[in-house]
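Below is one structure, written out as structure tokens; comments come after it.
Throughout, read-outs are computed from the coordinates displayed, never taken from laboratory work. This one's a predicted model, so the numbers in the text were calculated from it and none came from an experiment. For neighbour counting, all protein chains shown are included, and Cβ atoms are generated from backbone atoms with ideal geometry for every residue, glycine included.
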Ligand SMILES: [Zn+2]
């Protein structure tokens, strides 16, 4: 059967970091999925956030750990030589920087429980517009999932998410709300700044206008008198 | 008068008997029509049990006799539109057209592909053990009693032993092929950038070798093969020189210059990745067999303020 490409799911760090339930389907070569508390089954994710720092896990291992922040928390990403395209960008990038990352999710069993990380397939530097749209898009998808958690309780993944996580949906609603407000406030500050800029430009223009008038007046004078020509 | 009444009764009983027999037959069970008629007649005309109740009682009796569950027996599943399929493990029936058949490499699967109506397109799988006849691309059918399933995060429908496929003359329309998508460009494939094409067939040439014409004369071209992903679907897209120039200012001439200055063609791909990867685009395009053919592409730059307010309203007040 044809192997289908996996859609890159949109999740906030708050939710991804609480996901620890692996689902593997029967059959060889089937991808591994991680079930999230709002019932999303994901294998690949796309995130946009601020690269806070990067560190080489062991000296000369060429294996890098990066921390990328969104308005709800921090994603941990690890890139190594098996992701050469991503690694190339990671080596050049200097945090802090706004980045977009697409990658596969991995759940590890650690000494203090399970933890989740993203293995980037591609890393790129982006502007804040991409981050804003990502937050909006991720908020929208999360709201849709929260609503389905309430209305489709007997659907397979959702029933399992209730059983595994029994999530407090209001907590997730609150995180989405906070994330949206962060970018909304940014827009407003940006607007104020734009307004201020317009004001400055206007003042400059006014000044120019006065200057024009002066020059005009100057021309009216017969300079020859003063210069004694 | 009395004769007519008897005739009417006989007709009702024989019609209901036929329906019940058919239903069990569809699921692979032979039942005795005489036995069914006798029970129906007794219930409906001796004991005056309402028709629905009588049918249900006979069904239950037969299921018990044959030791089959309600799930095994295909109870008439509701007719729905493909766009309404959102949950797994539902029994459904619909009228749809075969959009595409894929190659099945699994011996357990007799057919796999896409089926659609005007509300959507969905993957279907026909299990070999279902013993159902094959369907043909471009033809329309009534599908009865399919089971919905979720695989890799996407919905699909499975044709099983209880299903029924009936070809119809009607041509079921498919969703509009023209679509508008906003998504992130999450991948730019390696065979993108400044490429070379065969003079004879325009196929891409690698190290001067055309897959058809071998060693060949070639010309330069600029293209991007990539994946646009909106979190729900992905679309494979191809950007041509015009698209790339409109987005980045880099056309074929500029690309050649970049390659020449750096003595390395790969730098063009690197430059395009730096400029485009991970960013959001809005594409107006036509759905093709595999690719979304790009008619128009631009960086996403809509105002988000109103959309955010709508979403905040949908979230409701803080609790
Ligand atoms: Zn050729």
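Here are some notes:
- Seen through its C-alpha gyration tensor, with square-root eigenvalues sorted a ≥ b ≥ c, region B:1-135 comes out prolate because a/c lies at 1.5 or above while a/b is bigger than b/c.
- Area projected by the alpha carbon convex hull of region A:8-187, averaged over all directions, nm²: 11.2 nm²
- Calculated FRET efficiency for the pair residue B:70/residue A:5, C-beta based, R₀ 30 Å, to 0.05: 0.20
- Every Cα-Cα pair in the protein assembly as shown was counted, and those over 29 Å apart are 67% of them.
- Shown for A:107, A:68: other C-beta atoms within 10 Å of each C-beta, ranked fewest to most, produce the order A:107, A:68.
- Only helices enter the 222 nm calculation for chain B: every DSSP H run of n ≥ 4 contributes -39,500 (n - 2.57), and dividing by all residues gives -9000 deg cm²/dmol, rounded to 500.
- If R0 equals 35 Å, the separation of the Cβ atoms of residue B:213 and residue B:257 corresponds to a calculated FRET efficiency of about 0.75.
- Over all directions, the projected convex hull of the C-alpha atoms in chain B averages 27.6 nm² in area.
- Distance in nm between pseudo-label sites at residue B:242 and residue B:103 (7 Å out along the Cβ direction from Cα): 3.4 nm
- Evaluated on region B:125-259, the Kirkwood hydrodynamic radius is 19.4 Å, with distances taken between all distinct Cα atoms.
- Separation of region B:100-160 from region B:185-232 is 33 Å, based on Cα centroids.
- Dividing the alpha-carbon radius of gyration of region B:168-241 by the rule-of-thumb value 2.2 N^0.38 Å gives 1.55.
- Computed FRET value (nearest 0.05) for residue A:187 with residue B:201, which takes r as the C-beta separation and R₀ as 35 Å: 0.10
- Percent of beta bridges antiparallel (DSSP, chain B, rounded to nearest 5): 90 percent
- Each principal axis of the Cα cloud of region B:82-168 was evaluated for its coordinate range; sorted largest first, these ranges are 29, 29, 23 Å.
- Residue order, fewest to most beta carbons within 10 Å, for A:151, B:271: A:151, B:271
- Residue order, fewest to most beta carbons within 10 Å, for A:134, A:64: A:64, A:134
- A simple spin-label model places the labels of residue B:264 and residue A:107 4.1 nm from each other, with each point 7 Å out along Cα-to-Cβ.
- One quarter of the convex hull surface built on the alpha carbon atoms of region B:245-319 amounts to 8.6 nm², the projected area averaged over directions.
- Equivalent ellipsoid semi-axes, region B:2-66, via Cα gyration tensor eigenvalues times 5, rooted, Å: 21, 13, 9
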